[in-house]
Amino acid sequence: MTQNIKIRLGTRRSPLAMVQAEETRNRLCEAHGWELSAVQLVPVTASGDKVQDRPLADIGGKALWTKELDQWLAEGTIDAAVHSLKDVETIRPAELTIAAILPRADKADRLIGAESLAALRPGAVIGTSAPRRAAQALHMRPDCTVVSLRGNVATRLAKLAAGEVDATFLAAAGLDRLGQGTTGHSLDVEHWLPAPAQGAIAVECRTNDAAALAALAALDHAPSRAEVMAERALLLALGGTCHSSIAVLCNLKGQELHMRAALFSPDGAERVEAEARFAAGDAQAPALLAQELLSRASAAITDCFAAS
């Protein structure tokens, strides 16, 4: 490693991923009093970015966002990897540790193409490859049609502008980070539940790398970690797959988490919701909530869950 480089951060090459890596670098340098040159960004083109013509669930799921960076960590090519946590598999290798969760950004989705779902024309075509967004949209607007729409933010907005679809959804956090905070209409998280860990940036390193762990610890935001780890505990207990429609909103108030979660059938026709309040750090409470959801869900929902 070059003498003045203290840590090498791996990241996907997409514009949003690079912005998130730059935010991580800036926070690291500010926390430790380093020059920006002390943190090297090392981009990789992830498998998930290479294949854009099929739904992620059909070509390998969330691992397609992480496998190249995981390999680079294992080989020692990088010291840490920056991820959108909602894109990281629930079960991770023991050799890797989520060393830091940055302060969580806006959890909401934004609807692009209309002021609201109600404002969409009858029979409108909605583009999304996220089962949660598709199912929630169809639950609210069963007259609409959902088609697969993948790609980075610019690609999806271009397809919308070209008239391939009438509307689509993007994460508010991603738009904000790209300087597009006025794009689209935010959906109220109380009525349109977000994805688990949406808005959270995670930094992962080797479990046995004491220097990286120590450096990254300065970035860890305890309230954000409490929320997203509870959401990931729910995911783990549900046995969710890339075909599962899972929506969850978790808010920390004081030392207590309030979690609302909903499961949907793929066509949006069926929905089950439950909520719980529990102490931050209690991993058992999300598991109990998962059991409650699955016990009340119909086969149309549970067929998409490994734990059922």
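Data table
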item	result
Index of the failed condition, residue 175 passing every other in (1) closer than 17 Å to residue 131 by Cβ; (2) not in a strand (DSSP E or B)	(1)
Unique residue being part of a loop (DSSP other than H, G, I, E, B) and not hydrophobic (A, V, I, L, M, F, W, C) when the list is 266, 286	266
Failed criterion for residue 104 (all others in (1) crowded, with 20+ Cβ neighbours inside 10 Å; (2) of a type in the set (D, E, K, R); (3) touching a Ser or Thr at 6+ places or on another chain (Cβ under 6 Å); (4) farther than 19 Å from residue 17 by Cα hold)	(4)
Of the criteria (1) surrounded by fewer than 16 Cβ atoms within 10 Å (Cβ to Cβ); (2) not assigned by TED's automatic domain parsing to the domain that holds residue 71, which one residue 238 fails	(1)
Near pairs, Cβ below 6 angstrom, 6+ apart or cross-chain, from the stretch 84-96 (in the same structural domain as residue 210 (by TED's automatic domain parsing)) to any residue that is of a type in the set (Val, Ile, Thr) and modelled with pLDDT of 95 or more	85/228; 95/207
Residue 299 vs. criteria surrounded by fewer than 23 Cβ atoms within 10 Å (Cβ to Cβ) and either closer than 27 Å to residue 126 by Cβ or among the charged types (D, E, K, R) (or both)	yes
Residue check, residue 121 within 18 Å of the chain's Cα centre (by Cα) and among the basic types (Lys, Arg)	no
Residues that are touching a residue at least 60 places away in the same chain (Cβ under 8 Å) and buried (at least 18 other Cβ atoms within 10 Å of the Cβ), drawn from the stretch 153-168	153
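The rows are residues; the columns are (1) under 17 Å from the mean Cα position of the chain (by Cα); (2) over 25 Å from residue 146 (Cα atoms).
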{"residue": "240", "(1), (2)": "yes, no"}
{"residue": "248", "(1), (2)": "yes, no"}
{"residue": "258", "(1), (2)": "no, yes"}
{"residue": "261", "(1), (2)": "yes, no"}
{"residue": "264", "(1), (2)": "no, no"}
{"residue": "275", "(1), (2)": "no, yes"}
{"residue": "278", "(1), (2)": "no, yes"}
{"residue": "301", "(1), (2)": "no, no"}
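The values are calculated or read from the model by the stated rules, or taken from the named source; none is laboratory data. What you see is a predicted model; the values in this text were computed from it and never measured. In this analysis, Cβ positions are derived from the backbone assuming ideal geometry, glycine residues included, and neighbour counts consider all displayed protein chains.
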